Amino acid sequence: MAEPFDIDRFMDSSGRVDLSDIDWSEVPKYPMTPEALRTLRYFMYTEGSTFFYTKALMKTKAAIFEPDLAPFLCVWMYEEEFHGRAFRKFVEAYGEKVPSDYRATMFNRRGAGERIDEWGQTVLSRVFPDGWPAVHMIWGVVQEFTTYQGYIALVERTGHPILATICQRIMKQEMKHFAFYRDQAYKRLVNNPAAQKLTSWALKTGWTPVGDGMCSKEDVQHSIRWLFDGAEGGAVDKVDQKMREMPGLEWFDLFRKYVTNHNIGRAPDSWFPRPRSEFNKSVVAVTSGIRQRNKAESGDSVDTADAA
Ligand SMILES: [Fe+2]
Ligand SMILES: [Fe+2]
(Lines give C-alpha, C1' and ligand atoms only; values in the text may rest on other atoms or scores of the structure.)
(Ligands and ions follow the chains in the order given, each with its own letter.)
Protein backbone atom coordinates (compact mmCIF):
# COMPACT_ATOMS: atom_id res chain seq x y z
CA MET A 1 0.00 0.00 0.00
CA ALA A 2 0.99 3.63 -0.53
CA GLU A 3 1.79 5.80 2.48
CA PRO A 4 -1.23 6.78 4.65
CA PHE A 5 -3.37 9.63 3.37
CA ASP A 6 -2.58 12.94 5.04
CA ILE A 7 -5.85 14.83 5.44
CA ASP A 8 -4.20 18.07 6.55
CA ARG A 9 -1.98 18.19 3.49
CA PHE A 10 -4.99 17.42 1.34
CA MET A 11 -7.01 20.24 2.91
CA ASP A 12 -4.15 22.71 2.53
CA SER A 13 -3.79 22.02 -1.18
CA SER A 14 -7.51 21.82 -1.95
CA GLY A 15 -9.49 24.28 -4.03
CA ARG A 16 -11.33 24.79 -7.23
CA VAL A 17 -9.52 23.79 -10.37
CA ASP A 18 -7.79 26.91 -11.67
CA LEU A 19 -8.81 27.71 -15.24
CA SER A 20 -8.17 31.46 -15.08
CA ASP A 21 -5.50 31.31 -17.78
CA ILE A 22 -7.59 29.32 -20.29
CA ASP A 23 -8.34 31.12 -23.54
CA TRP A 24 -11.86 29.82 -24.16
CA SER A 25 -12.00 31.44 -27.59
CA GLU A 26 -9.48 28.84 -28.75
CA VAL A 27 -11.79 25.91 -27.94
CA PRO A 28 -13.78 25.78 -31.22
CA LYS A 29 -10.59 25.94 -33.30
CA TYR A 30 -9.97 22.22 -32.71
CA PRO A 31 -12.73 20.01 -34.11
CA MET A 32 -14.65 17.49 -32.04
CA THR A 33 -17.00 14.79 -33.31
CA PRO A 34 -20.63 14.53 -32.11
CA GLU A 35 -19.66 11.30 -30.35
CA ALA A 36 -16.82 13.05 -28.51
CA LEU A 37 -19.17 15.85 -27.44
CA ARG A 38 -21.68 13.30 -26.18
CA THR A 39 -18.93 11.78 -24.03
CA LEU A 40 -17.98 15.23 -22.75
CA ARG A 41 -21.57 15.83 -21.68
CA TYR A 42 -21.46 12.52 -19.83
CA PHE A 43 -18.43 13.80 -17.90
CA MET A 44 -20.23 17.06 -17.20
CA TYR A 45 -23.34 15.29 -15.86
CA THR A 46 -21.35 12.78 -13.85
CA GLU A 47 -19.12 15.39 -12.22
CA GLY A 48 -22.13 17.62 -11.64
CA SER A 49 -24.04 14.89 -9.80
CA THR A 50 -21.42 14.26 -7.10
CA PHE A 51 -23.33 16.12 -4.44
CA PHE A 52 -26.27 13.70 -4.79
CA TYR A 53 -23.96 10.96 -3.56
CA THR A 54 -22.74 12.74 -0.46
CA LYS A 55 -26.22 12.67 1.10
CA ALA A 56 -26.02 8.99 2.04
CA LEU A 57 -22.47 9.30 3.31
CA MET A 58 -23.31 12.29 5.48
CA LYS A 59 -25.98 10.26 7.25
CA THR A 60 -23.50 7.64 8.45
CA LYS A 61 -22.16 7.56 11.99
CA ALA A 62 -18.65 7.50 10.54
CA ALA A 63 -19.09 10.94 8.95
CA ILE A 64 -19.80 12.43 12.36
CA PHE A 65 -17.38 10.50 14.53
CA GLU A 66 -14.35 10.02 12.31
CA PRO A 67 -12.27 13.20 12.09
CA ASP A 68 -11.11 12.82 8.46
CA LEU A 69 -14.48 12.23 6.81
CA ALA A 70 -16.29 15.55 7.19
CA PRO A 71 -13.39 17.68 5.90
CA PHE A 72 -12.84 15.32 2.98
CA LEU A 73 -16.52 15.37 2.01
CA CYS A 74 -16.61 19.18 2.02
CA VAL A 75 -13.62 19.41 -0.29
CA TRP A 76 -14.61 16.48 -2.49
CA MET A 77 -18.01 17.95 -3.25
CA TYR A 78 -16.52 21.41 -3.89
CA GLU A 79 -13.77 20.20 -6.21
CA GLU A 80 -16.08 17.90 -8.17
CA GLU A 81 -18.57 20.70 -8.67
CA PHE A 82 -15.87 22.73 -10.39
CA HIS A 83 -14.95 19.78 -12.58
CA GLY A 84 -18.53 19.76 -13.83
CA ARG A 85 -18.44 23.51 -14.36
CA ALA A 86 -15.21 23.20 -16.34
CA PHE A 87 -16.89 20.84 -18.80
CA ARG A 88 -19.93 23.00 -19.02
CA LYS A 89 -17.75 25.96 -19.90
CA PHE A 90 -15.82 23.92 -22.45
CA VAL A 91 -18.97 22.57 -24.14
CA GLU A 92 -20.46 26.07 -24.26
CA ALA A 93 -17.23 27.54 -25.60
CA TYR A 94 -17.41 24.95 -28.34
CA GLY A 95 -20.83 26.33 -29.24
CA GLU A 96 -23.34 24.04 -27.51
CA LYS A 97 -25.86 25.47 -25.10
CA VAL A 98 -26.24 23.64 -21.79
CA PRO A 99 -29.64 24.27 -20.15
CA SER A 100 -29.25 25.84 -16.71
CA ASP A 101 -31.69 23.30 -15.25
CA TYR A 102 -29.76 20.30 -16.58
CA ARG A 103 -29.24 19.06 -13.05
CA ALA A 104 -32.95 19.12 -12.19
CA THR A 105 -33.70 17.20 -15.38
CA MET A 106 -31.04 14.65 -14.55
CA PHE A 107 -32.36 14.22 -11.00
CA ASN A 108 -35.98 13.80 -12.13
CA ARG A 109 -34.99 11.26 -14.77
CA ARG A 110 -32.67 9.26 -12.56
CA GLY A 111 -33.10 5.52 -12.92
CA ALA A 112 -35.20 3.26 -10.72
CA GLY A 113 -31.99 1.69 -9.39
CA GLU A 114 -30.88 5.09 -8.17
CA ARG A 115 -34.15 5.67 -6.31
CA ILE A 116 -34.08 2.22 -4.70
CA ASP A 117 -30.46 2.84 -3.83
CA GLU A 118 -31.36 5.98 -1.87
CA TRP A 119 -33.70 4.28 0.60
CA GLY A 120 -31.78 1.00 0.46
CA GLN A 121 -28.66 2.75 1.65
CA THR A 122 -30.48 4.39 4.52
CA VAL A 123 -31.77 1.00 5.69
CA LEU A 124 -28.49 -0.83 5.18
CA SER A 125 -26.43 1.83 6.92
CA ARG A 126 -28.65 1.31 9.99
CA VAL A 127 -28.47 -2.47 9.84
CA PHE A 128 -24.68 -2.43 9.38
CA PRO A 129 -23.53 0.81 11.04
CA ASP A 130 -19.92 -0.35 11.34
CA GLY A 131 -19.50 -2.14 8.02
CA TRP A 132 -21.45 0.15 5.70
CA PRO A 133 -18.83 2.94 5.45
CA ALA A 134 -16.45 0.37 3.90
CA VAL A 135 -19.00 -0.02 1.09
CA HIS A 136 -19.00 3.73 0.47
CA MET A 137 -15.24 3.85 0.45
CA ILE A 138 -14.88 0.99 -2.00
CA TRP A 139 -17.39 2.71 -4.27
CA GLY A 140 -15.15 5.75 -4.14
CA VAL A 141 -12.12 3.65 -5.10
CA VAL A 142 -13.66 2.11 -8.19
CA GLN A 143 -15.48 5.23 -9.39
CA GLU A 144 -12.52 7.59 -8.92
CA PHE A 145 -10.11 5.17 -10.57
CA THR A 146 -12.48 4.66 -13.52
CA THR A 147 -12.88 8.42 -13.85
CA TYR A 148 -9.13 8.87 -13.86
CA GLN A 149 -8.78 6.29 -16.62
CA GLY A 150 -11.57 8.10 -18.45
CA TYR A 151 -9.61 11.35 -18.39
CA ILE A 152 -6.53 9.69 -19.79
CA ALA A 153 -8.66 8.38 -22.65
CA LEU A 154 -10.38 11.71 -23.17
CA VAL A 155 -7.06 13.50 -23.61
CA GLU A 156 -5.70 10.71 -25.76
CA ARG A 157 -8.68 10.40 -28.07
CA THR A 158 -9.57 14.04 -28.67
CA GLY A 159 -6.05 15.46 -28.96
CA HIS A 160 -7.60 18.81 -28.04
CA PRO A 161 -4.86 20.91 -26.39
CA ILE A 162 -7.16 23.02 -24.23
CA LEU A 163 -9.16 20.03 -23.10
CA ALA A 164 -5.86 18.32 -22.28
CA THR A 165 -4.81 21.21 -20.03
CA ILE A 166 -8.16 21.21 -18.25
CA CYS A 167 -8.09 17.44 -17.79
CA GLN A 168 -4.52 17.51 -16.55
CA ARG A 169 -5.51 19.84 -13.72
CA ILE A 170 -8.65 17.90 -12.89
CA MET A 171 -6.78 14.59 -12.92
CA LYS A 172 -4.44 15.83 -10.25
CA GLN A 173 -7.40 16.28 -7.94
CA GLU A 174 -9.00 12.99 -8.98
CA MET A 175 -5.83 11.21 -7.98
CA LYS A 176 -6.05 12.62 -4.48
CA HIS A 177 -9.71 11.60 -4.19
CA PHE A 178 -8.74 8.12 -5.29
CA ALA A 179 -5.93 8.02 -2.72
CA PHE A 180 -8.29 9.01 0.08
CA TYR A 181 -10.85 6.35 -0.80
CA ARG A 182 -8.22 3.67 -1.27
CA ASP A 183 -6.66 4.44 2.11
CA GLN A 184 -10.05 4.43 3.82
CA ALA A 185 -11.27 1.27 2.10
CA TYR A 186 -8.05 -0.58 2.83
CA LYS A 187 -8.15 0.25 6.54
CA ARG A 188 -11.75 -0.92 6.81
CA LEU A 189 -11.30 -4.14 4.85
CA VAL A 190 -7.94 -5.50 5.96
CA ASN A 191 -8.28 -8.29 8.53
CA ASN A 192 -12.03 -7.73 8.60
CA PRO A 193 -13.83 -10.68 6.95
CA ALA A 194 -17.29 -9.31 7.85
CA ALA A 195 -16.61 -5.99 6.08
CA GLN A 196 -15.12 -7.86 3.11
CA LYS A 197 -18.22 -10.01 2.87
CA LEU A 198 -20.61 -7.07 3.10
CA THR A 199 -18.61 -5.07 0.55
CA SER A 200 -18.43 -7.98 -1.89
CA TRP A 201 -22.16 -8.53 -1.57
CA ALA A 202 -22.93 -4.82 -2.12
CA LEU A 203 -20.66 -4.60 -5.18
CA LYS A 204 -22.07 -7.76 -6.75
CA THR A 205 -25.61 -6.59 -6.05
CA GLY A 206 -25.47 -2.93 -6.92
CA TRP A 207 -22.33 -1.79 -8.72
CA THR A 208 -22.57 -0.22 -12.15
CA PRO A 209 -20.04 2.10 -13.82
CA VAL A 210 -19.63 5.70 -12.70
CA GLY A 211 -22.37 7.93 -14.05
CA ASP A 212 -24.90 5.14 -14.44
CA GLY A 213 -28.16 6.05 -12.77
CA MET A 214 -27.87 9.78 -13.27
CA CYS A 215 -27.01 9.55 -16.97
CA SER A 216 -29.05 7.38 -19.31
CA LYS A 217 -27.86 3.80 -19.80
CA GLU A 218 -27.29 4.60 -23.48
CA ASP A 219 -25.02 7.53 -22.64
CA VAL A 220 -23.02 5.45 -20.15
CA GLN A 221 -22.53 2.65 -22.64
CA HIS A 222 -21.66 5.10 -25.40
CA SER A 223 -19.03 6.72 -23.20
CA ILE A 224 -17.49 3.40 -22.15
CA ARG A 225 -17.24 2.47 -25.80
CA TRP A 226 -15.87 5.85 -26.86
CA LEU A 227 -13.35 6.04 -24.03
CA PHE A 228 -12.25 2.45 -23.54
CA ASP A 229 -13.31 0.44 -26.61
CA GLY A 230 -15.38 -1.58 -24.13
CA ALA A 231 -14.38 -5.21 -23.87
CA GLU A 232 -11.76 -4.78 -26.59
CA GLY A 233 -9.68 -2.11 -24.85
CA GLY A 234 -7.26 -2.45 -21.93
CA ALA A 235 -8.76 0.01 -19.45
CA VAL A 236 -11.62 -2.23 -18.33
CA ASP A 237 -9.23 -4.91 -17.07
CA LYS A 238 -7.03 -2.25 -15.52
CA VAL A 239 -9.95 -1.13 -13.36
CA ASP A 240 -10.82 -4.72 -12.38
CA GLN A 241 -7.17 -5.39 -11.60
CA LYS A 242 -6.93 -2.30 -9.38
CA MET A 243 -9.95 -3.48 -7.43
CA ARG A 244 -8.49 -6.95 -6.98
CA GLU A 245 -5.68 -5.34 -4.94
CA MET A 246 -8.15 -4.52 -2.17
CA PRO A 247 -8.47 -6.99 0.73
CA GLY A 248 -11.24 -9.50 0.07
CA LEU A 249 -11.89 -8.31 -3.49
CA GLU A 250 -9.54 -10.70 -5.27
CA TRP A 251 -12.57 -11.92 -7.20
CA PHE A 252 -13.44 -8.50 -8.75
CA ASP A 253 -14.42 -8.76 -12.42
CA LEU A 254 -17.49 -6.56 -12.54
CA PHE A 255 -16.38 -4.06 -15.17
CA ARG A 256 -15.44 -6.85 -17.58
CA LYS A 257 -18.80 -8.50 -16.91
CA TYR A 258 -20.64 -5.22 -17.50
CA VAL A 259 -19.05 -4.56 -20.90
CA THR A 260 -19.51 -8.18 -21.96
CA ASN A 261 -23.15 -8.31 -20.85
CA HIS A 262 -23.88 -5.07 -22.70
CA ASN A 263 -21.92 -5.98 -25.81
CA ILE A 264 -19.74 -2.89 -25.57
CA GLY A 265 -16.87 -3.22 -28.01
CA ARG A 266 -14.50 -1.15 -30.08
CA ALA A 267 -15.62 2.34 -31.08
CA PRO A 268 -15.67 3.15 -34.82
CA ASP A 269 -12.75 5.28 -36.01
CA SER A 270 -15.19 7.92 -37.26
CA TRP A 271 -16.10 8.74 -33.64
CA PHE A 272 -12.75 10.43 -33.04
CA PRO A 273 -11.47 13.77 -34.21
CA ARG A 274 -8.04 12.31 -34.97
CA PRO A 275 -6.58 8.99 -36.18
CA ARG A 276 -6.04 6.21 -33.67
CA SER A 277 -2.36 6.11 -34.63
CA GLU A 278 -1.95 9.46 -32.84
CA PHE A 279 -3.74 8.50 -29.64
CA ASN A 280 -0.62 7.95 -27.58
CA LYS A 281 1.09 11.24 -28.21
CA SER A 282 -0.53 13.78 -25.92
CA VAL A 283 -1.44 11.40 -23.14
CA VAL A 284 2.18 10.54 -22.41
CA ALA A 285 2.96 14.23 -21.95
CA VAL A 286 -0.08 14.80 -19.76
CA THR A 287 0.40 11.90 -17.38
CA SER A 288 4.15 12.36 -17.07
CA GLY A 289 3.53 16.06 -16.33
CA ILE A 290 1.27 15.10 -13.45
CA ARG A 291 3.77 12.58 -12.13
CA GLN A 292 6.57 15.15 -12.15
CA ARG A 293 4.51 17.76 -10.35
CA ASN A 294 3.34 15.33 -7.71
CA LYS A 295 6.88 14.22 -7.19
CA ALA A 296 8.10 17.80 -6.90
CA GLU A 297 5.42 18.64 -4.37
CA SER A 298 6.10 15.30 -2.80
CA GLY A 299 3.48 15.94 -0.22
CA ASP A 300 0.79 14.11 -2.06
CA SER A 301 0.36 10.74 -0.55
CA VAL A 302 -0.60 9.46 -3.96
CA ASP A 303 1.09 6.66 -5.73
CA THR A 304 0.82 8.32 -9.12
CA ALA A 305 2.39 5.55 -11.13
CA ASP A 306 -0.21 3.32 -9.60
CA ALA A 307 -3.12 5.54 -10.49
CA ALA A 308 -1.91 6.23 -14.01
FE1 LIG B 1 -14.16 14.95 -10.79
FE1 LIG C 1 -13.03 12.76 -8.00
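The values are calculated or read from the model by the stated rules, or taken from the named source; none is laboratory data. Quick caveat: nothing in here was measured; it's all calculated off a predicted structure. Because the Cβ atoms are built from the backbone with ideal geometry, glycine has one as well, and the counts that use them run over all protein chains shown.
Structure summary
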item: Qualifying positions in segment 225-247 - among the basic types (Lys, Arg) and crowded, with 19+ Cβ neighbours inside 10 Å; result: ARG225, LYS242
item: Number of the condition not met by PRO99 [criteria: (1) surrounded by fewer than 18 Cβ atoms within 10 Å (Cβ to Cβ); (2) away from ligand 2 (no atom under 12 Å from the Cβ); (3) not in a loop (DSSP other than H, G, I, E, B)]; result: (3)
item: Complete set of residues in segment 58-81 that are within 14 Å of ligand 1 (Cβ to nearest atom) and farther than 16 Å from PHE10 by Cβ; result: GLU81
item: Evaluation of ALA235 against (1) under 14 Å from the mean Cα position of the chain (by Cα); (2) under 28 Å from LYS89 (Cα atoms); (3) within 16 Å of ligand 2 (Cβ to nearest atom) (one fails), failing number; result: (3)
item: Selection count, segment 160-195, where residues are of a type in the set (Gly, Ala, Ser) and not in a helix (DSSP H, G or I); result: 0
item: Every residue from segment 1-54 that is β-branched (Val, Ile, Thr) and touching a residue at least 60 places away in the same chain (Cβ under 8 Å); result: ILE7, VAL17, ILE22, VAL27, THR33, THR39, THR46
item: Subset of segment 99-139 that is aromatic (Phe, Trp, Tyr) and within 18 Å of THR50 (Cα to Cα) - its residue that is modelled with the highest pLDDT; result: TRP139
item: Pair list, Cβ under 8 Å, 6 or more apart: segment 169-197 residue more than 16 Å from MET243 (Cβ to Cβ), other residue crowded, with 24+ Cβ neighbours inside 10 Å and small (Gly, Ala, Ser); result: MET175/ALA307; ASN192/ALA134
item: Subset of segment 183-212 [within 16 Å of ligand 1 (Cβ to nearest atom) and touching a Phe, Trp or Tyr at 6+ places or on another chain (Cβ under 8 Å)]; result: PRO209, GLY211
item: Hits in segment 139-159 - residues which are part of a helix (DSSP H, G or I), more than 16 Å from LEU57 (Cβ to Cβ) and either away from ligand 2 (no atom under 13 Å from the Cβ) or in contact with a Lys or Arg (Cβ under 7 Å, 6 or more places away or on another chain) (or both); result: PHE145, GLN149, ILE152, ALA153, LEU154, VAL155, GLU156, ARG157, THR158
item: Selection status of ARG126, assigned to a helix (DSSP H, G or I), away from ligand 2 (no atom under 14 Å from the Cβ), without any contact (Cβ under 8 Å) to a residue 60 or more places away in the chain and out of contact with any helix residue (DSSP H, G or I) (no Cβ under 8 Å at 6 or more places or on another chain); result: yes
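So that you can scan it fast, the table gives a plain yes or no per residue for (1) more than 30 Å from ASP269 (Cα to Cα); (2) at pLDDT below 95; (3) of a type outside the set (Val, Ile, Thr):
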position: GLY206; (1), (2), (3): yes, yes, yes
position: CYS215; (1), (2), (3): no, yes, yes
position: ARG225; (1), (2), (3): no, no, yes
position: GLY233; (1), (2), (3): no, yes, yes
position: ASP237; (1), (2), (3): no, no, yes
position: LYS242; (1), (2), (3): no, no, yes
position: PRO247; (1), (2), (3): yes, no, yes
position: GLU250; (1), (2), (3): yes, no, yes
